[in-house]
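The values are calculated or read from the model by the stated rules, or taken from the named source; none is laboratory data. Quantities reported herein were computed from a predicted structural model and do not represent experimental measurements. Here the Cβ is made from the backbone with ideal geometry for all residues, glycine too, and neighbour counts use every protein chain on show. Protein only, heavy atoms only, side chains kept; ligands, DNA and RNA dropped before computing areas. Shrake-Rupley method; radii C 1.70, N 1.55, O 1.52, S 1.80 Å.
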Amino acid sequence: MTDKKRVLITGAAGFLGSHLCDKFLNHGYSVIGMDNFLTGSLDNIKHLSSNTDFEFIKHDVTGYIDFSGKLDYILHFASPASPIDYLKMPIQTMKVGSLGTHNLLGLAKAKNARILVASTSEVYGDPNVHPQPEDYWGNVNPIGPRGVYDEAKRFMEAITMAYHNFHGIETRIVRIFNTYGPRMRIKDGRALPNFFCQAIEGQDITVYGDGSQTRSFCFVDDLIEGIYRLLLSDYHYPVNIGNPHEVTIKEAAEEVISITKTSSKIVFQELPTDDPKVRQPDITKAKEILDWSPEVHRSEGFRITFDYFKSVLKA
Ligand code: NAD
Ligand code: UDP
């Protein structure tokens, strides 16, 4: 058995989970990745197959997790994350946020491990407060199409706090705002994978509504550093991690067109139900508590992401 700190990462074959595996391995941890490939891919972790500090377990975390050996940390990142994915898989989405989180909190208690859960800016719903600080309670439609994701994540936060308060386990809650970068699934339905793939393939760029809704896009390396610092901090209340540079979706589409030099044109399509009109993190807490703020400018992050999608689409 290794002397290294042992970390379990759920959702390890997904976009963020696979980057977390890299981060913890690079910092000298022993990493166990767990995933059932619902939306993830072995391609995201195949570079780790010969790493003796990495172990992979194919498992659905909504079922009982039988786990031998010590465990120091758990990062629970398993869940569909693209609106298209969770609209197609509403029950799996609710189960992984509720039953899956319950199982992992039980495992954390049994192993005396610290657990960090991946919450989201979606807990603020279509916000009436802008930008969103952590003490804003949100404006969520529980029975709308996005409710399956938003309410699962709100339940995740509530049960995590309950395990902290009732059982005294060490918990961390990160509220992640829109993040992008290499290893996002091509055409996973989120705005940036759609725009980059459409631009590269010379198809129309599909902007929903009139494109005046805003998002604030964070490059994946910045997010992963913020999560790492939060896990190692002593703060158990939710912390927003995201890039506060807000942009309209139409502007983001135009930036993609400019970077990719595509001849594709923007077409406007119907805005999905309950699509949040604005979104921008207030990161005062992350700055104060974690001494963290994002460093990668969108132009740089978009260039790296463009190169990634080009390489995947060519392969
Ligand atoms: P992703 O779809 O790329 O990865 C999710 C991974 O979870 C996939 O590999 C999938 O196969 C796995 N998974 C799903 N259900 C599972 C189950 N029952 N058992 C085991 N594995 C399961 O998504 P992502 O963008 O990497 O998001 C990861 C986490 O971060 C999610 O919890 C998501 O809600 C949260 N998050 C992401 C963003 C973002 O911008 N990417 C924003 C807010 C929150
Ligand atoms: N969007 C868009 N075109 C697309 C995909 C998404 O205009 O092809 C819009 C979507 O309606 C939303 C924003 O882009 O307003 C961000 O969508 P995404 O699915 O990336 O994540 P969300 O922030 O909505 O969870």
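Some points to look at:
- Only protein atoms count toward the accessible area here, which uses a 1.4 Å probe; on the stretch 148-269, the carbon and sulfur part of that area reaches 51 percent.
- Considering only Y64, S121, S18, and ranking their Cα positions along the charge dipole of the stretch 1-141 that arises from unit charges at the beta-carbon of Lys, Arg, Asp and Glu, the one farthest toward the positive end is Y64.
- Annotation: per residue accessible area for the stretch 176-315 equals 45 Å², rounded to a whole number [probe 1.4 Å, protein chains only].
- Average silhouette area of the chain, convex hull of alpha-carbon atoms, in square nanometres: 15.2 nm²
- DSSP beta bridges fully contained in the chain are about 10 percent antiparallel.
- Taking 0.36 nm per residue of separation and subtracting the current Cα-Cα distance, fully stretching the chain between D234 and K314 would add 24.3 nm.
- Using the Cβ of R183 as centre and a radius below 11 Å, the other residues enclosed give a net charge of -2, where K and R count +1 and D and E count -1.
- Computed P(r) (all Cα pairs; the stretch 97-167; 10 Å bins; percent): 20, 45, 27, 8, 0
- Counted charge near C21, where neighbours are those whose Cβ lies closer than 12 Å (Asp, Glu -1; Lys, Arg +1): -1
- Here the accessible area is traced with a 1.4 Å probe on the protein chains. For the stretch 51-95, carbon and sulfur cover 55 percent of it.
- Nearest-0.05 FRET efficiency for E300 and T206, computed from C-beta distance (R0 30 Å): 0.75
- Were the residues from S263 through K5 laid out at 0.36 nm apart, the gain over their Cα-Cα distance would be 87.9 nm.
- In the stretch 213-304, trypsin sites (Lys or Arg not before Pro) in a DSSP loop with at most 14 other beta-carbon atoms within 10 Å: K261, K265, K277
- Inter-centroid distance (Cα atoms) of the stretch 244-272 relative to the stretch 160-228, Å: 16 Å
- Choice from T206, T52, T214 with maximal GNM fluctuation in the chain (Cα, 10 Å cutoff): T52
- For the stretch 1-107, a/c is not less than 1.5, where a ≥ b ≥ c are the root eigenvalues of the C-alpha gyration tensor, and a/b does not top b/c. That puts it in the oblate class.
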